[in-house]
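S.K.: Provided herewith is a single structure, encoded as structure tokens, for subsequent inquiry.
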Amino acid sequence: MSIAVGAIAPALAFFRRVLPIRMRVEPRSGYDDQFVWTDFLVGDWKLELIESARPASFVERFLARRGEGMHHLSIDVEEGRLGAYTAALERAGLRIVDRGDYGNGDETAFISPRTAPGILIQFWQVPGFHGAPPTDHPTDPVAARDGVRFRVDHVALAVRSIDATLGWFRRLFPIEAPRPKQRGWDGAHAFQRFWLAGCKMELIESARPASFVERFLTRRGEGFHHLTIDVDRLDPLVRRLEADGIELIGRAEIPGGRRTAVIHPRHAHGVLIQFWEEPEFGGPRRP
């Protein structure tokens, strides 16, 4: 998951304050002259930050139009298969944009949000990739800080129709959806979770008028909505964040011993971060 920010330094400092991050790549120039990037791990989940490197770059245009926030989802593609795959997607009616060939087998292409459910999806052809994760990729999804354990659970997309959007993903990707659509804990939304290339994703739709999903769709349209991180102890995390001046909203007690609290996007470089206390924290991610 890539996050577009005005400047990497303060954004990285924020994530260091909040999460148990482990740097993977220090800030460096992108594959063209338009952006600078860095990435880090929270457990086994990789997050990338991108900033503009020159006027009128794609990052600057995104920030002017949408503000800071989640920019794109990147999916690795098997070596030598990107051209055939994107050709098949175009035959299916998708708009493929911003192709790039950077030598040695490194190639990229994007599905335009105009022909996707409001999100930008990047494909990256990786030399030597044939399905197995990199040998240096962490296998433990849990990371700890200040006596609290964290596990990134999923990224959520707000959509007008879960059924239509899930159908879109099923037509194009080898997804797994182990459970049917369910009503959310607050009664205001429905959700459907699925797995794509090892990444857990959630679709949310409005279940009643004036719900938070409906307000989001009216204001911003379909697209990335929030990042959910499971924790084993919510109270000490909330105390630490509030003492650090970070505003939390949407606190709630959930049936089954669960609790939640949310960092407002204005404090998190445009990303709505939901913390979810799980009474059975420690095993695999929730289905």
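The values are calculated or read from the model by the stated rules, or taken from the named source; none is laboratory data. Every value quoted in this text rests on a predicted model; they were computed, and no experiment measured them. Note that each Cβ is placed from the backbone with ideal geometry, even for glycine, and that neighbours are counted across all protein chains shown. Just the protein is used for accessible areas: all its heavy atoms, side chains included, with ligands, DNA and RNA removed. Shrake-Rupley method; radii C 1.70, N 1.55, O 1.52, S 1.80 Å.
S.K.: Scan the stretch 54-68 and report the pairs whose first residue is among the hydrophobic types (A, V, I, L, M, F, W, C) and whose second residue is at pLDDT 95 or above and not in a loop (DSSP other than H, G, I, E, B), with Cβ atoms within less than 7 Å and a gap of 6+ or a chain change.
M.R.: Listed pairs, sorted by first residue: 59/4; 59/35; 59/50; 59/51; 59/52; 62/4; 62/71; 63/4.
S.K.: Could you tell me whether residue 260 is free of Cβ contacts under 8 Å to residues at least 40 places away in the same chain, touching a strand residue (DSSP E or B) at 6+ places or on another chain (Cβ under 6 Å) and among the hydroxyl-bearing types (Ser, Thr, Tyr)? Spell out the reasoning first.
M.R.: Working: free of Cβ contacts under 8 Å to residues at least 40 places away in the same chain: yes; touching a strand residue (DSSP E or B) at 6+ places or on another chain (Cβ under 6 Å): yes; among the hydroxyl-bearing types (Ser, Thr, Tyr): yes.
It is true that residue 260 is free of Cβ contacts under 8 Å to residues at least 40 places away in the same chain, touching a strand residue (DSSP E or B) at 6+ places or on another chain (Cβ under 6 Å) and among the hydroxyl-bearing types (Ser, Thr, Tyr).
S.K.: What pairs come out if I take residues in the stretch 72-84 that are of a type in the set (Lys, Arg) and pair them with residues that are assigned to a strand (DSSP E or B) whose C-beta lies under 9 Å away, six or more apart or interchain?
M.R.: Taking only residues 6 or more apart or on different chains, the pairs are 81/125.
S.K.: Going through the stretch 15-53 one residue at a time, which ones are assigned to a helix (DSSP H, G or I), open to solvent by less than 10 Å² (accessible area, probe 1.4 Å) and more than 22 Å from residue 157 (Cα to Cα)?
M.R.: The initial filter retains those residues of the stretch 15-53 that are assigned to a helix (DSSP H, G or I), namely 15-18.
Among the residues that remain, those that are also open to solvent by less than 10 Å² (accessible area, probe 1.4 Å) are: 15, 18.
18 - this is the single residue of the stretch 15-53 that is assigned to a helix (DSSP H, G or I), open to solvent by less than 10 Å² (accessible area, probe 1.4 Å) and more than 22 Å from residue 157 (Cα to Cα).
S.K.: Of the residues that make up the stretch 100-113, is at least one under 20 Å from residue 40 (Cα atoms), touching a Leu at 6+ places or on another chain (Cβ under 8 Å) and open to solvent by less than 40 Å² (accessible area, probe 1.4 Å)? Please lay out each step first, then the result.
M.R.: Residues of the stretch 100-113 that are under 20 Å from residue 40 (Cα atoms), as a first pass: none.
No, because not a single residue in the stretch 100-113 is under 20 Å from residue 40 (Cα atoms), touching a Leu at 6+ places or on another chain (Cβ under 8 Å) and open to solvent by less than 40 Å² (accessible area, probe 1.4 Å).
S.K.: Are there helices (runs of 4 or more DSSP H) fully within the stretch 138-247 with at least 1 residues that are open to solvent by 20 Å² or more (accessible area, probe 1.4 Å) and within 21 Å of residue 69 (Cα to Cα)? List them.
M.R.: Hits in the stretch 138-247: 212-220.
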